[in-house]
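One structure coming up, written as structure tokens, with questions to follow.
The values are calculated or read from the model by the stated rules, or taken from the named source; none is laboratory data. The structure displayed is predicted, hence computed values, not measured ones. Note that we place each Cβ from the backbone using ideal geometry, even for glycine, and neighbour counts take in every protein chain shown. We work out accessible area using only protein heavy atoms, side chains counted, and drop any ligands, DNA or RNA first. Shrake-Rupley method; radii C 1.70, N 1.55, O 1.52, S 1.80 Å.
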Amino acid sequence: MDYDIVTSADEGYAHFIKNLAANCLQIFNKKLIVYDLGLLEETKKTIEADYIEFKTSEEYKAINSKNSIRATHKPRCILDYFHRAQGKFLFLDADCLFVRRPNFPDADVCLTFRIYSEQTKSDFAKNGIINSGVIFIDPTSAHKNDTELLLKEWISRCEINQDSTDQKTLSDILLSLKEKKHPDAICYYNESSIKLLRSELYNDVKRKTGDILHFKAASRRKEKMQEYVFFCKMTKFIFLIHAYLGINKTLLFLKRKINPGRYERRYVQEMRNYE
């Protein structure tokens, strides 16, 4: 499966962009596409990537009342690339790293359900049932008009609620759909299909089992940044990372069998409490 890899960043995320661009060349042998939210020209000259200049207000960096970054630029960038793209594309946060090429299911949109450790009523209430750090889009499908409507509603909701985040507003749209929401579920926005993927593989914020590792909040937390720097260095020895992830996947499989209420079906009761 071929797809473009797209992200966004300002100068504060230049370090992440540099590593993600090198990572994309290593894993995919293709350039990262970066929505430039304020990178210095000197910085861009040092990073092998393609850039799209994108004007946005500073509010996307704001922290809301629940201590979450609003990231309201994201749906605008995605809609812009939706109109530019010649094929499928993956939009991910700059603080992610690939350890292998992920294959995405056949759907108009793929989102990632919260990882098992974050499947609690309080986590759902704080910032939604999904993690928007990894989003896969097919702008070439027969239902692209409905996908575009979804993206436009996402933008509209971000603009209306000045305290919300891109993640919470997209989650709220999902919750308004009639289908049940859980890992591996398929929902429909009109005719556009939305597949909910497992974060353990596609958006691994625990950095234990995934094809995409997400170092969420590394820019704000010293210990996360240290872990991120270590993994960046270890990508030179990708076979060791694969071995480490393989062991953890086996352990997670066993944990799901032994304690399904914690590792496999935790969301069931928590979703009832939340909804």
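For M234 and N273, what is the calculated FRET efficiency with R₀ set at 35 Å and r taken between the beta-carbons, to the nearest 0.05?
With a Förster radius of 35 Å, E is 0.35.
Next question. 222 nm [θ] for the chain, helices only, -39500 (n - 2.57) per DSSP H run of 4+, per residue, to 500?
Helices in the chain give a 222 nm mean residue ellipticity of -12500 deg cm²/dmol.
State which entries of K45/K74; K208/K257; K168/K222; K224/K257; K126/K180; K31/K208 exceed 22 angstrom in Cα-Cα distance in the structure shown.
K45/K74; K168/K222; K224/K257; K31/K208
I need to check one value: relative contact order of the chain, counting alpha carbon pairs closer than 8 Å and at least 6 residues apart, in percent. Could you put the intermediate results ahead of the total?
On the way: 476 pairs, mean separation 50.5, N = 275.
Across the chain, relative contact order equals 18 percent.
Among the DSSP beta bridges whose two residues both lie in the chain, what percent are antiparallel, rounded to the nearest 5?
Numbers: 16 of 34 bridges.
Expressed as a percentage, antiparallel bridges in the chain total about 45.
While we're here: Of (1) -0.31, -0.49, -1.40, -1.59; (2) -0.54, -0.70, -1.17, -1.25; (3) -0.34, -0.54, -1.30, -1.43, which one was derived for log10 I(q)/I(0) by the Debye sum over Cα atoms at q = 0.08, 0.10, 0.16, 0.17 Å⁻¹ from the structure shown?
Only one listed value fits the structure, namely (1).
Suppose we look only past 15 Å in the calculated P(r) of segment 125-229. What percent of the Cα-Cα pairs does that tail hold?
Percentage above 15 Å: 69.
I'd like the carbon and sulfur percentage of the solvent accessible area for the chain, probe radius 1.4 Å, heavy atoms only, ligands and nucleic acids excluded.
Of all accessible area on the chain, carbon and sulfur atoms account for 51 percent.
Kirkwood Rh, Cα Rg: Rg to Rh for segment 1-160?
With Rh from the inverse mean 1/r over Cα pairs, Rg/Rh is 0.95.
Under the Kirkwood approximation applied to all pairs of distinct alpha-carbon atoms, what is the hydrodynamic radius of segment 201-264 in Å?
Over segment 201-264, the inverse of the mean reciprocal pair distance is 12.7 Å.
Please give the net charge around D146, taking every other residue with its beta carbon less than 13 angstrom from that of D146, where Lys and Arg add +1 and Asp and Glu add -1.
Taking every other residue near D146 into account, the sum is -3.
Can I ask one more? Could you tell me which trypsin sites (Lys or Arg not before Pro) in segment 144-218 are loop residues by DSSP with no more than 15 other beta carbons within 10 angstrom of their beta carbon?
K178, K180
In whole Å, how far is the Cα centre of segment 218-247 from that of segment 191-212?
18
With a ≥ b ≥ c taken as the square roots of the eigenvalues of the C-alpha gyration tensor of segment 236-275, please select rounded if a/c is under 1.5 and otherwise prolate if a/b is larger than b/c or oblate if it is not?
Cα axes put segment 236-275 in the oblate bin.
Quick one: grab the alpha carbon gyration tensor of segment 102-175, order the square roots of its eigenvalues as a ≥ b ≥ c, and give me rounded if a/c is under 1.5, else prolate or oblate depending on whether a/b is larger than b/c.
Oblate, since a/c reaches 1.5 and b/c is not below a/b.
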